[in-house]
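One structure is given below, encoded as structure tokens.
The numbers here are math on the coordinates, done by the rules we state, and not lab data. Everything quoted here is computed from the prediction, not taken from an experiment. So basically every Cβ, Gly included, is an ideal-geometry build from the backbone, and we count neighbours across all protein chains shown.
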Amino acid sequence: HDVVDRPRNPGAGGETHQQPDGKAPALTTSQGAPVADNQNTLRGGTRGPALMEDFHFREKIFHFDHERIPERVVHARGYGAHGYFETLEAIPELTAANLFQKAGEITPAFVRFSTVAGNKGSQDLARDVRGFAVKLYTQEGNWDIVGNNIPVFFIQDAIKFPDLIHAAKDEPDRGFPQAQTAHDNFWDFISLMPESMHMVMWIMSDRTIPRSFRFMEGFGVHTFRMVNARGEGSFVKFHWRPRLGMQSVLWDEALKINGADPDFHRRDLWDAIQSGDFPEWELGLQVFDDAFADAFPFDVLDPTKIIPEEDVPLRIVGRLVLDRMVDNFFAETEQVAFCTQNIVPGIDFTNDPLLQGRNFSYLDTQIKRLGGPNFTHIPINAPRCPFHHFQQDGHMAMHGPRGRANYEPNSWAQGGPRADPKRGHVSFPEEISGEKRKVRPESFADHYSQARQFYISQTPIEQGHIADALVFELSKVQAPEIRERMVAHLPHIDAGLAQKVADGLGLKAVPPAHTPARAPVETAPS
Ligand code: HEM
């Protein structure tokens, strides 16, 4: 039988059999065995059937068949880069976090920018929120600030997140639109959700389509807590400020760029970093105490509100520089797993109900997306400081406890790691009291004041763009009642804006408001 088909050059099909030239390494199987022919399957006779025995063919096809993993359920399209965070000011009076103990401390970092609603293959310049997720590989563990480029969010409670995302993504019967907010389901949900109005002003504004990731701000969004070595806590908001300033593109420009180059943002970051033009952000903190929080007219636990910088100016404590692209997009950018729960001693959560829900969601989804509990063994997710624990086994385990002890307490001489109350993370001992109830506090009830403040802070040209965006978006909505319900919110924000949008949509008049300016929080809007 003529089963051994030696490589020829060119092949019978005219293709080129490339031979090692002394520079390129030998092609091997994933077991390391050198491959003689990468163009022809092993056959029984030159024109006969393919043989199962061709282990190289089978391994190659099997691996290809398994290349896809689920894309992220949100933020599927993203682009990451390596860099470092430099502490510019030591702040031990605010936090015991190791990276803030001395100026000049350098902490390795990985950042992934993303859009939210579009799938992995969608366009870069969609009208959408941008993710700004930062992983800091500190000497006391990985700290993730999983933020966005807009400082507020659509909803106040994580229980609404699946509905928000279902409404924003493609509709279940028709499977489109793939990456557009301009459709009935999105605006139906939004118009029934008065708490989203502040965020709506931001995403209809020029802020929402960045010129590039390098010209984009980032925000931790929630109020977090910093805790110092004495156990004293402060509230804190995190801000990333681009050194290049903030720049956006107009909607018409975005449409053209998306058509001509849907990879515009990722290409921009790749080109900039490859040519040594490293983008940089300052880390600014807004720090405040309980007295400020109590006096603030809104609830600092409400993620639909900002703390005005006139009240609490930014304190710049560090800078983030991105200076190296990934070696492999899938291994690093796709497999990186950010999680709001990844915090370090000196950083703590607050009772923001959106943050509390996020703390559950990320780990849960990543166990599915990355195929099991051992995704922290993947180099991009592994800590870069020493780590020791008793977790073991599971799919793809790269390491486990050393020696005999895999439980604690134990009495072995080499008994493995021990918890250390002096160094370990201790939760801020906040007092908790009250009834166990499903209810939103009254302090979360004002949904329009900050939307109005945002709108009136814009220049007339920018205000015009917000009105144009609303007209464009709502004109794509087919159900008249959804359009009208949405326009009916706008007089609570600005009468002129409401009129412009009503005119743009050809409505006879601004429809009457269906929610009061201050929403009774326990009543669903009609
Ligand atoms: C992914 C930000 C709210 C669930 C992400 C990512 C960012 C982000 C930046 C992408 C991470 C990456 O690049 O890999 C935010 C912000 C929020 C918010 C700033 C509000 C302030 C929520 C809520 C939930 C949620 C309320 C659920 C209750 C998820 C999930 C992923 C994700 C499941 C995919 C994670 C993965 O597969 O790795 N989010 N998010 N997010 N977010 Fe959020």
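Amide hydrogen proximity for ALA103: with H placed 1.01 Å from N in the peptide plane, the residues at 5 or more positions away or on another chain lying under 5 Å are ALA90.
Using the Cβ-Cβ distance between GLU253 and SER411 with R0 set to 56 Å, the FRET efficiency works out to roughly 0.25. Which residues does a label at GLN453 reach in region 314-329, if reach means a backbone N under 15 Å from a point 7 Å past the Cα toward the Cβ? Flagged as within label range: 314. Between 0 and 90 degrees, the angle of helix 495-504 with respect to the longest Cα principal axis of the chain falls at about 60 degrees. The Cα-based radius of gyration and maximum Cα-Cα distance (Dmax) for the chain are 27.0, 89 Å.
The simple spin-label model puts a point 7 Å past each Cα toward its Cβ; for PHE472 and SER433 those points are separated by 5.3 nm. When both region 298-336 and region 230-256 are represented by their alpha-carbon centers, they are found 7 Å apart. Compared with the alpha-carbon gap, the fully stretched path from HIS395 to GLU71 is longer by 114.7 nm at 0.36 nm per residue.
The phi-based Karplus calculation (6.51 cos²θ - 1.76 cosθ + 1.60; θ = phi - 60°) puts the 3J(HN,Hα) values of region 357-366 at x, 4, 4, 7, 5, 5, 4, 4, 5, 6 Hz, whole numbers, x for Gly and Pro. Here's the picture: charge each Lys and Arg Cβ at +1 and each Asp and Glu Cβ at -1 in the chain, and of GLY403, ASN258, THR333 the one pushed furthest to the positive end of that dipole is GLY403.
Shown in residue order for region 221-231 are the 3J(HN,Hα) couplings computed by the Karplus curve 6.51 cos²θ - 1.76 cosθ + 1.60 at θ = phi - 60°: 6, 5, 7, 9, 10, 10, 10, 8, 5, 7, x Hz (x for Gly and Pro). When HIS222, HIS425, HIS388, HIS492 are sorted by how many other C-beta atoms sit within 10 angstrom of their C-beta, beginning with the fewest, the order is HIS388, HIS425, HIS492, HIS222. Relative contact order for the chain: 16 percent, from Cα pairs under 8 Å spaced at least 6 residues apart, divided by residue count. In sequence order, region 19-26 has phi-based couplings of 9, x, 10, x, 9, 6, x, 5 Hz under the Karplus curve 6.51 cos²θ - 1.76 cosθ + 1.60, θ = phi - 60°, and Gly or Pro positions carry x. In terms of packing, defined here as the mean over residues of other Cβ atoms within 10 angstrom, the peptides 282-290, 508-516 line up highest first as 282-290, 508-516.
Using the Cα centre of region 390-526 as origin and beta-carbon charges of +1 (Lys, Arg) and -1 (Asp, Glu), tell me which of GLY434, VAL477, LEU505 is placed farthest towards the positive end of the dipole. Value: GLY434. For LYS305, the lysines whose Cα comes closer than 16 Å to its Cα, not counting residues fewer than 8 places off in the same chain, are LYS237.
Segment GLU171..ARG243, full-extension length gain: 22.0 nm, with 0.36 nm per residue of separation and the alpha-carbon distance subtracted.
Ranked for footprinting exposure by Cβ neighbours inside 10 Å, fewest first, GLU140, GLU195, GLU253, GLU67 give GLU67, GLU253, GLU140, GLU195.
Label 7 Å along Cα→Cβ of ALA36; region 55-83 residues with amide nitrogen under 15 Å? Residues 55-57 qualify, since their backbone N sits under 15 Å from the label point.
Computed from point charges on the beta carbon alone (+1 for Lys and Arg, -1 for Asp and Glu), the dipole magnitude for region 1-150 about its Cα centre is near 420 Debye. Near the amide H of HIS17, within less than 5 Å, lie the amide hydrogens of GLY11, all on another chain or at least 5 residues away, with H placed in the peptide plane.
Once the C-beta distance of GLU89 and LYS60 is scaled by a Förster radius of 41 Å, the resulting FRET efficiency is 0.15 to the nearest 0.05. Suppose R0 equals 41 Å. What FRET efficiency, 1/(1 + (r/R0)^6) with r the Cβ-Cβ distance, do ALA509 and ALA291 give to the nearest 0.05? Here the calculated transfer efficiency is 0.35.
Legend: ranking of residues THR46, THR95 from fewest to most surrounding C-beta atoms inside 10 Å; resulting order THR46, THR95. Listed by chain and number, the lysines whose C-alpha is less than 25 Å from the C-alpha of LYS120, apart from same-chain residues fewer than 8 away, are LYS60, LYS135, LYS160, LYS169, LYS256, LYS368, LYS476. Would you mind checking which residues have amide H under 5 Å from VAL146's amide H? H placed 1.01 Å from N; only 5 or more apart, or other chain. Here VAL134 satisfy the definition.
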